[in-house]
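The values are calculated or read from the model by the stated rules, or taken from the named source; none is laboratory data. Keep in mind that this is a model prediction, so the values were computed, not measured. Every residue, glycine as well, gets a Cβ built from its backbone with ideal geometry; the counts of neighbours run over all protein chains shown.
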Amino acid sequence: MAESPRRRQLLDAAVHVIADEGLKGLTHRAVDRRAGLPEGSCSAYLRTRRALQGALAEDVAERLLADVDRLADELGASAHPDGVHAALELFQRWLDQRELLVARLELTLAASRDQELARVLAAHRSRLIELVERIMTATGKEHGNARAEALVASYDGILLAALLKPARERRAFLAQSLELLGTGLAGPGGA
């Protein structure tokens, strides 16, 4: 079933609200204001705060997973894949458009105290780990579920650290961190 344009508008607005105001600022009214819609619009689609948070977690995770899935497809189709460079470009794009990344981080922290959110994000994280393992295979790196899971956790840390750096320093930090991680944890490979 296709998503309605209004629901899409509300979820996009919610991403901006949570990125700007944190999870505490994520209210139906704040989403309505950010979307430029009449009060009550968000609650007509997502009745409760829990429904709003769950839908937002699902949406944010799906959008980020779609980016990683495209990356895996591109690297799988390439005769000479460069996983570090491809990850650098993807992470830089996420940092340049930081709202989605910040929203995911906020929701991840909330999931540590909310089992329902944790279930949503855990399912997406499992898929992400599978994609990272697929990328490792495509780039000729040693792979396995434990390595892929450790890489995902490391990438999360690198992205968080990069968010804390001045914008002009982020690319160099990402490049250096991904190169170190690629030669360390990802192990030797043909790329």
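So the values come out like this:
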{"quantity": "Hits in the stretch 74-97 (condition: among the aliphatic types (A, V, I, L, M) and either assigned to a helix (DSSP H, G or I) or surrounded by 18 or more Cβ atoms within 10 Å (Cβ to Cβ) (or both))", "calculated": "L75, A77, V84, A86, A87, L88, L90, L95"}
{"quantity": "The listed residue being touching a residue at least 40 places away in the same chain (Cβ under 8 Å), touching a Phe, Trp or Tyr at 6+ places or on another chain (Cβ under 9 Å) and assigned to a helix (DSSP H, G or I), out of L100, L71", "calculated": "L100"}
{"quantity": "Residue within the stretch 44-59 that is in the same structural domain as L174 (by TED's automatic domain parsing), within 26 Å of A175 (Cβ to Cβ) and not aromatic (F, W, Y) present", "calculated": "no"}
{"quantity": "Residues being under 12 Å from V68 (Cβ atoms) and surrounded by 19 or more Cβ atoms within 10 Å (Cβ to Cβ) - total across the stretch 105-130", "calculated": "3"}
{"quantity": "Boolean, R134 is buried (at least 17 other Cβ atoms within 10 Å of the Cβ) and at pLDDT below 90", "calculated": "yes"}
{"quantity": "Residue pairs meeting the criteria (Cβ under 8 Å; at least 6 apart or on separate chains; first surrounded by 14 or more Cβ atoms within 10 Å (Cβ to Cβ), in the stretch 1-28; second of a type in the set (K, R))", "calculated": "A13/R34; A14/R34; H16/R34; V17/R34; A19/R98; L26/R49; T27/R49; H28/R49"}
